[in-house]
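Here is the structure we will look at.
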Amino acid sequence: MLNLNIANVGEGLKKSDSIAQPAELDLDKTEEFHYPLHIAFSVEKIGRNIFVDSEIRTKVDFLCDRCGELFNQHMTESARLIYTYDGDMANKEEDDVYVISESTTIIDVSEPIRQTLLVAVPQKKVCRRECKGLCDRCGANLNVESCNCHTDSMDPRWEALRNLIK
């Protein structure tokens, strides 16, 4: 769990840093998250609202969708959460708004941070823009080696489509 103590947050801005392990956010079951998460929080109380801005930095592991090689890259994401003592505000805001009671002193930000990171994982994971991928005939990694496969030969079922292009 990733908790923020809001008991001593008065009017104004309060900053803090935290380091979390993927298991604390239930990210250890994913293929991508194996490195510590560095999270910078800015907590600001304005009236009956508490605004929590966070910047999450980590390194993630991906399997390239083109060549199948494992690679890692740095990820930086941000999230804005709003905690309010006013239930009416929860219906008006576009951001993530959570209603809390006046007696709340600790807020758990694990799930919103977890969701932010999971949504940030790209659909198409490519090790580098120039990745050549695998040969569709022999499976050779074209980034590492060339193959002698003939790319001119085509499955006869596609011949009619080839004639349309000519």
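Summing +1 for each Lys or Arg and -1 for each Asp or Glu, what net charge is found among the other residues whose Cβ lies under 13 Å from the Cβ of residue 72?
Net local charge, residue 72 excluded: -1.
What FRET efficiency would be calculated for the residue pair residue 98, residue 124, taking the C-beta separation as r and a Förster radius of 35 Å, to the nearest 0.05?
Once rounded, the FRET efficiency stands at 0.60.
Give me the one-decimal nm value for the distance between modelled label points at residue 145 and residue 45, 7 Å along each residue's Cα-to-Cβ direction.
In this crude label model, residue 145 to residue 45 measures out at 6.5 nm.
Restricting to DSSP H runs of at least four residues, report the calculated mean residue ellipticity at 222 nm for the chain, -39500 (n - 2.57) per run over all residues, nearest 500 deg cm²/dmol.
-3000 deg cm²/dmol
Can you say what percent of the DSSP beta bridges in the stretch 3-131, counting only those with both residues inside, are antiparallel? Round to 5.
Taking every DSSP beta bridge with both residues in the stretch 3-131, the antiparallel ones total about 90 percent.
What net charge is computed for the residues neighbouring residue 102, neighbours being all others with C-beta under 12 Å from the C-beta of residue 102, Lys and Arg scored +1, Asp and Glu -1?
Local charge sum for residue 102: 0.
Using the Cβ atoms and a cut-off under 11 Å, what net charge is assigned to the surroundings of residue 17, where Lys and Arg are +1 and Asp and Glu are -1? Walk me through the numbers before you get to the answer.
Numbers: positive: 15, 57; negative: 55.
Residues close to residue 17 contribute a combined charge of +1.
Quick one: order 144, 52 by neighbouring beta-carbon count within 10 Å, fewest to most.
Least to most surrounded, the residues fall as 144, 52.
Please express the shape of the stretch 3-131 as an equivalent ellipsoid: the semi-axes are the square roots of 5 times the eigenvalues of the C-alpha gyration tensor, given largest first in whole angstrom.
Taking √(5λ) for each Cα gyration eigenvalue gives 33, 15, 12 Å.
Could you grab the relative contact order for the chain? Cα pairs under 8 Å, six or more apart, rounded to a whole percent. Can you show the working numbers first?
Numbers: 279 pairs, mean separation 33.1, N = 166.
After rounding, I find 20 percent.
How do 161, 117, 142, 134 rank when sorted from fewest to most other Cβ atoms within 10 Å of their own Cβ?
161, 142, 134, 117
Compute the long axis of helix 110-120 from its Cα atoms, compare it with the longest principal axis of the Cα atoms of the chain, and write down the angle in degrees, 0 to 90, nearest 10.
Helix 110-120 sits at roughly 30 degrees to that axis.
Sort 15, 132, 124 so that the residue with the fewest other Cβ atoms within 10 Å of its own Cβ comes first and the one with the most comes last.
124, 15, 132
From the cross-link list 14/124; 14/59; 59/132; 15/124, which pairs have alpha carbons spaced over 32 Å apart?
Beyond 32 Å: 14/124; 15/124.
Values quoted throughout were computed directly from the atomic coordinates according to the rules given, and no laboratory measurement underlies them. As the structure is a prediction and not an experimental result, all values here were calculated from the model. All Cβ positions, even for glycine, are placed from backbone atoms using ideal geometry, and neighbour counts span all protein chains on display.
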